[in-house]
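Since the structure comes first, as structure tokens, the remarks are kept for the end.
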Protein chains: 2
Amino acid sequence: MAREDQLIERVSRQFPFTGDGLKVGIGDDAAVLRPAPNKEYIVTTDAFLENVHFLRKVHPARAVGYKAVARATSDIAAMGGRPRYFFLTLGLPDSCTETWLDGFLGGMAHAARRFGMLLAGGDTTKYPSVIASLTILGEVDRGKAILRSGARPGDLLCVSGTLGEAELGLQLMQRKLHRQKRWTRLLRKHFHPEPRLALGQWLAAHRYASCMIDTSDGLSTDLGHICKASGVGARVCASKIPAVKIPPELRRKGFDPLRMALHGGEDYELLFTMPRRFSSRLPRTISGLRVTVIGEITREKKIVLIGPDGISAPLQPGGWDPFREKA
Amino acid sequence: MAREDQLIERVSRQFPFTGDGLKVGIGDDAAVLRPAPNKEYIVTTDAFLENVHFLRKVHPARAVGYKAVARATSDIAAMGGRPRYFFLTLGLPDSCTETWLDGFLGGMAHAARRFGMLLAGGDTTKYPSVIASLTILGEVDRGKAILRSGARPGDLLCVSGTLGEAELGLQLMQRKLHRQKRWTRLLRKHFHPEPRLALGQWLAAHRYASCMIDTSDGLSTDLGHICKASGVGARVCASKIPAVKIPPELRRKGFDPLRMALHGGEDYELLFTMPRRFSSRLPRTISGLRVTVIGEITREKKIVLIGPDGISAPLQPGGWDPFREKA
């Protein structure tokens with residue numbers, strides 16, 4: 001059976017030890033980091049747990065490792081930051097310390113390379129199921145982090161990419177349709193979400209965004225978070241929302257694109273607000289990613305959806321909340 | 001039932017929101033920290049799991065919260081650093097979201113105040129048992145962090161406090177003797193370990209220590225870690241080890257002080273090495289904490305224990321390793 005130091009060696013093999021700004025990495029009591037001048041640090045922490053966030057029988061180890069890193073990194077994107085280092089707390093059953101672990105770490109290493117991060121430390125423990133907690137440390141130019149609290153009445157409400165894609169993949173899985181080859185491409189975002197780092201950094205560098213969040217819990221819930229933090233309301237136009245495209249056959253089975261776009265979680269798109277005066281400067285795509293204006297911020301502290309029929313109705317948060325009973 | 005935002009409010013109530021260097025704390029996508037000039041950051045992460053590190057039936061919620069913070073903070077002490085911020089990932093059963101959580105957070109808040117830290121962020125999830133992962137971010141003057149890798153042949157090997165106290169408490173519990181009032185004081189270190197922050201910072205400031213680690217896994221194992229990292233061996237004198245005092249009645253039951261001092265984990269004392277030329281400058285106590293020379297570092301890469309009878313024998317690691325089978 002693997003000993004802890006053998007496990008740490010297994011981890012270390014997949015990740016370079018030290019790098020720019022990282023004076024001491026894996027293998028000491030703690031990591032030592034040298035902050036760059038005129039930068040602020042952005043720190044976020046995120047749990048990724050078997051049977052809560054993934055199923056070991058369904059999700060390949062490599063996808064689990066990739067997604068654990070991508071999810072957590074999305075919080076850095078949502079502040080306009082650049083991810084630099086990450087730390088991994090990992091609980092593992094004995095049965096997962098070899099092949100499964102190599103796949104999991106391979107997925108993490110792939111994500112870390114793509115997003116430009118080093119693994120700087122962690123902690124491993126034996127546990128009956130797989131539990132992971134990631135801490136990501138990123139950087140941003142001093143004073144340029146984009147908070148949730150800066151939205152002002154009149155600001156435009158914008159979102160990147162397409163909403164509801166991850167929820168579509170999840171529902172295909174929940175309805176056991178995911179093994180059908182023709183739907184494979186619809187699973188992509190559920191397995192491989194993409195933190196919108198380039199867009200976040202572009203918005204921070206230009207100071208165009210007045211507030212920002214990533215859509216981890218779903219548009220209706222995450223819009224609620226920024227409205228609450230900013231002390232404002234919002235009006236969203238359903239016909240403007242870039243909702244997931246759903247093949248007719250699945251629509252007939254009850255898959256509803258607007259519902260998925262409004263309430264589906266885990267898209268990890270960026271939802272941000274922008275003063276109107278910048279609207280002419282916003283390209284339609286940034287680093288190849290579409291950006292869509294879907295509504296505006298209002299003084300009245302309510303969130304209203306103008307439906308496809310033109311009728312307004314309150315938009316209730318319907319996204320993911322781990323502590324809420326399912327309806 | 002509690003919703004996630006209600007839980008976050010429950011957490012926030014026990015902790016101040018922002019402070020020195022913390023620009024954005026709980027409630028945004030991530031925390032924003034402004035590094036102090038001429039400092040390096042020290043970062044460590046540590047899991048604290050029900051049924052692995054504590055038992056909900058035995059350990060009061062407040063003690064669990066305190067110990068989760070104290071254990072993780074000890075890694076900062078072991079680098080000579082000053083803890084500044086911490087981040088909490090928490091999985092909780094429904095039954096723990098009220099009274100138990102308040103006790104747990106109360107213990108954490110007590111520890112955070114004592115050690116001078118702010119809670120800067122976290123993540124909460126529903127989970128069948130209590131799982132916590134802490135990330136601690138500390139500070140040290142540039143270039144002054146004390147690593148595991150600096151021990152040199154001829155250096156003196158020193159340890160703080162008393163070894164085996166936490167193991168004594170653990171064994172009293174395992175043998176169901178912990179409810180007897182006369183042994184209550186012997187449980188103190190198991191429930192309330194004390195990271196040796198003042199000693200670690202003193203050693204870093206004076207640059208007296210050539211290497212350092214905290215005794216989380218037990219002297220025999222932790223000494224192995226520093227010898228491996230430094231490429232050296234060590235000779236330890238059993239009669240010099242400041243072993244836990246054990247009442248005669250418990251000795252007759254087989255409680256062995258030397259065994260506990262050598263292999264018992266969770267004391268969180270500091271084990272460090274020091275060039276001989278500094279030995280005359282080392283006070284016998286530092287901030288009220290006794291420091292004892294227990295041996296020396298050798299060129300030969302073996303760890304040898306000179307027993308109470310004067311006979312030398314190899315000292316095998318016998319401490320805590322979550323992935324090793326119990327002997």
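Values quoted throughout were computed directly from the atomic coordinates according to the rules given, and no laboratory measurement underlies them. Just so it is clear, the model here is predicted, and its values are computed rather than measured. Methodologically, a virtual Cβ is constructed for each residue, glycine included, from the backbone with ideal geometry; neighbour enumeration extends over all protein chains shown.
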Report, for the protein assembly as shown, the % of DSSP beta bridges that are antiparallel, rounded to 5.
75 percent
Helix B:4-14: inclination vs chain B longest Cα principal axis, degrees, rounded to 10, gives 60 degrees
How much FRET efficiency would the formula 1/(1 + (r/R0)^6) give for A:His192 and B:His206, where r is the Cβ-Cβ distance and R0 is 56 Å, rounded to 0.05?
0.65
Could you tally the net charge around B:Phe115, taking each other residue with its Cβ under 13 Å from the Cβ of B:Phe115, Lys/Arg +1 and Asp/Glu -1?
+4
Helix B:219-230 sits off the longest principal axis of the Cα atoms of chain B, rounded to the nearest 10 on a 0 to 90 degree scale, by 90 degrees
What does the average come to when, for each residue of peptide B:121-134, you count the partner chain Cβ atoms lying within 10 Å of its Cβ?
6
Please turn the phi angles of region B:263-276 into ³J(HN,Hα) values with the Karplus equation 6.51 cos²θ - 1.76 cosθ + 1.60 (θ = phi - 60°), one per residue in order, whole Hz, x for glycine and proline.
10, x, x, 6, 6, 6, 7, 9, 10, 9, 10, 8, x, 4
Have a look at the DSSP beta bridges in region B:156-314 and tell me what percent are antiparallel, nearest 5.
80 percent
Local electrostatic count at A:Pro314 - Lys and Arg +1, Asp and Glu -1, tallied over other residues with Cβ under 13 Å:
+2
Candidate lysines for bridging to A:Lys240, where Cα separation is under 20 Å - those fewer than 8 sequence places away on the same chain excluded
A:Lys302
By how many degrees, between 0 and 90 and to the nearest 10, does the Cα long axis of helix B:165-174 differ from the longest principal axis of chain B?
70 degrees
Cα centroid of region A:171-196 to Cα centroid of region A:246-290, whole Å
17 Å
³J(HN,Hα), Karplus 6.51/-1.76/1.60, whole Hz, each residue of region B:115-132, x for Gly, Pro
8, x, 10, 10, 6, 10, x, x, 8, 10, 9, 6, 7, x, 9, 6, 10, 10
Let me check I've understood the local charge: for B:Leu271, count other residues with C-beta under 9 angstrom from its C-beta, Lys and Arg +1, Asp and Glu -1. What total comes out?
-3
Count the DSSP beta bridges whose two residues both fall in chain A, then state the antiparallel fraction as a percent rounded to the nearest 5.
75 percent
Shielding by partners, peptide A:217-225 (average Cβ within 10 angstrom, other chains)
1
Output field shielding_mean for B:48-56 (other chain Cβ, 10 Å radius) holds 2
Cα gyration tensor of region B:72-131, axes a ≥ b ≥ c as square roots of the eigenvalues: rounded (a/c below 1.5), prolate (a/b > b/c) or oblate?
prolate
Pairwise FRET efficiency - B:Arg251 versus B:Arg281, Cβ, R0 = 45 Å, nearest 0.05
0.75
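With a ≥ b ≥ c taken as the square roots of the eigenvalues of the C-alpha gyration tensor of chain B, please select rounded if a/c is under 1.5 and otherwise prolate if a/b is larger than b/c or oblate if it is not?
Oblate, since a/c reaches 1.5 and b/c is not below a/b.
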Applying 1/(1 + (r/R0)^6) with R0 = 41 Å to the Cβ-Cβ distance of B:Arg179 and A:Asp102, what FRET efficiency is obtained, to the nearest 0.05?
0.35
How far is the Cα center of region B:26-68 from the Cα center of region A:44-104, in Å?
19 Å
Highest mean first, how do B:194-206, B:123-135 rank when packing is the count of other Cβ atoms within 10 Å averaged over residues?
B:123-135, B:194-206
Among B:Tyr208, A:Tyr41, B:Tyr268, which comes first, second and so on when ranked by fewest other beta-carbon atoms within 10 Å?
B:Tyr208, B:Tyr268, A:Tyr41
